[in-house]
Amino acid sequence: MNDWIERQRHLLDFTLTSLARRKTKNIGLLVVFALLVFVLASVSLYTQALRSEAVRVLEQSPEIVVQRLVAGRHDLIPPDYLEGIGRLRGVRSIETRLWGYYYDPVLKANYTLMVPRTRTIEQGEIVVGPALEHTRGLGTNTGISLRAYSGELHTFLVTDVLPHETELMSADLVLMNEGDFRRFFNFPDGHYTDIVLSVANPREVRNIGLKLMEMLPDARPILREEVLRTYNSIYAWREGLLLALLSASILAFGILAWEKSTGLSADERREIGILKAIGWETGDVIRMKFWEGFVIAFSAFLFGYVLAYVHVFYLRFFLFEPVLKGWAVLYPRFALTPQIDAMQLITLFIFTVVPYVAAVLVPIWRAATTDPDTVMRS
Amino acid sequence: MLRRPSSRLFTIWIIALVAMTASFVDAWRLARTNDAAIERTAELVEQLRLTDPVLFTEARYTRHPTQADLHSAFQSHPLALEHFPSGTLIPPTIRGAYERLD
């Protein structure tokens, strides 16, 4: 065993000396390879962490949200709707929601204005999300004037800022009193944005949704499982989209690696010929070249992964932030919780290290099995 | 000992492997540290009956993708092309999400 290890170490020493002779080329290859792993690992780590965090918090989202559609558009819930739904068996509680959007021309950003049911907010006061604090400069006891859709100016006093650790869900929220909300939007009394239902038996959620559609054909029930499925699908799509954009660079790297490994240089051919002429066995030449591919690919994998981890969880994914931010002015600053699973790492390893090592070995095997004289003369 | 090239390589690999292992330990540590924050966010979701994370605030149908009606992207006119950047990051129709009830 010791002999075998010592033999491999000698081969590795020889390989490293050989790599050092073409230092610039090999360091360049290592950097490009590490960058590729870095990008792939960043996308994978970010998406996985965001998906699991969003799905975990959204498990507390309403079991059923009922919207009303008029001519294919979301419309207000009229008072008689609530009476009808109240008669449905299996519905444990019915709550109404009042929320809407407000475009702030000062910041050129959209806020979500909402009336909380579990918190009392006095008239003329608001509670804002953390993004409004750091983007609009709104802190506790500061005032803000918002122009209502009627053209009238409404002034509010900020009494609290929602906790920063909830920013992923609360960044753009403005919580206000029901009376203020109705006056601000000129919202008719007894009407609501939508209805939230909770169901006594979780297995009955789908049936209740179907009954609702029978009873109120213009209603659109949105189940919690649909919300969760939507977010799973959005992250899968986004990850897929980023990977599709990256596919060009992956392909370019593939061509580079293939070109480097298949087009053996005259130097490399001569090296193989000399090694065979001085008594190296074909197996030793192949092992030496295996180490050459493995040293580059494995080093790139380790560096790329560690850099990606730091980029996603300590530098807040800043290189890709502009892509995710789009034209949005308000963007949450949130720290993601890493979700690393073995399968994710193994997949990354298989898709990066294995193809490269294989691409190096195939042409070498061909060259190493031919006669040394022919190899040197070709 | 470090005069052999392989020894130098092993030293670099060991440092990188230690950094990689440290990332797993750090992930575990962060999961424990952030657990309270996630719980608090989940509580806020429950209290305010929230349905969507604040990922894209540029248009109302990107702010609440689960609540927006499926045609909002085309609200300007039926052949309007989607022009918000996050429209490229959200699937045009969420396949399978509404198949049973709608």
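The values are calculated or read from the model by the stated rules, or taken from the named source; none is laboratory data. Everything numeric here is computed off the predicted structure, so don't read it as measured data. Cβ: placed from backbone, ideal geometry, glycine included. Neighbour counts: every protein chain shown. Protein only, heavy atoms only, side chains kept; ligands, DNA and RNA dropped before computing areas. Shrake-Rupley method; radii C 1.70, N 1.55, O 1.52, S 1.80 Å.
Things worth noting here:
- Taken as a whole, the condition of being within 30 Å of A:Ser249 (Cβ to Cβ), within 12 Å of another protein chain (Cβ to nearest Cβ) and open to solvent by 50 Å² or more (accessible area, probe 1.4 Å) does not apply to A:Arg73.
- A:Leu58 touching a Leu at 6+ places or on another chain (Cβ under 7 Å), at pLDDT below 90 and within 12 Å of another protein chain (Cβ to nearest Cβ): no
- The condition of being among the basic types (Lys, Arg), open to solvent by 70 Å² or more (accessible area, probe 1.4 Å) and modelled with pLDDT under 90 does not hold for B:Arg32.
- In the stretch A:267-285, of all residues being of a type in the set (Asp, Glu) and assigned to a helix (DSSP H, G or I), the one that is farthest from the chain's Cα centre (by Cα) corresponds to A:Glu271.
- Number of positions in the stretch B:14-64 that are facing chain A (nearest Cβ under 7 Å) and in a helix (DSSP H, G or I): 22
- Scan of the stretch A:287-330 for residues that are closer than 29 Å to A:Lys108 by Cβ, at the interface with another protein chain (Cβ under 10 Å from one of its Cβ atoms), open to solvent by 20 Å² or more (accessible area, probe 1.4 Å) and out of contact with any strand residue (DSSP E or B) (no Cβ under 7 Å at 6 or more places or on another chain), ordered by number: A:Pro322, A:Val323, A:Lys325, A:Gly326, A:Trp327
- Pairs where the first residue, in the stretch A:109-123, is outside the structural domain of A:Leu146 (by TED's automatic domain parsing) and the second is at pLDDT below 95 and surrounded by fewer than 11 Cβ atoms within 10 Å (Cβ to Cβ), C-beta under 8 Å, 6+ apart: none
- Here is the figure for the stretch A:114-140: residues that are of a type in the set (Gly, Ala, Ser), open to solvent by less than 40 Å² (accessible area, probe 1.4 Å) and in a loop (DSSP other than H, G, I, E, B) total 3.
- If the condition is being more than 11 Å from chain B (Cβ to nearest Cβ) and among the hydroxyl-bearing types (Ser, Thr, Tyr), then the stretch A:94-126 contributes only A:Thr120.
- Per this entry, A:Asp80 is counted among residues that are without any contact (Cβ under 8 Å) to a residue 12 or more places away in the chain and acidic (Asp, Glu).
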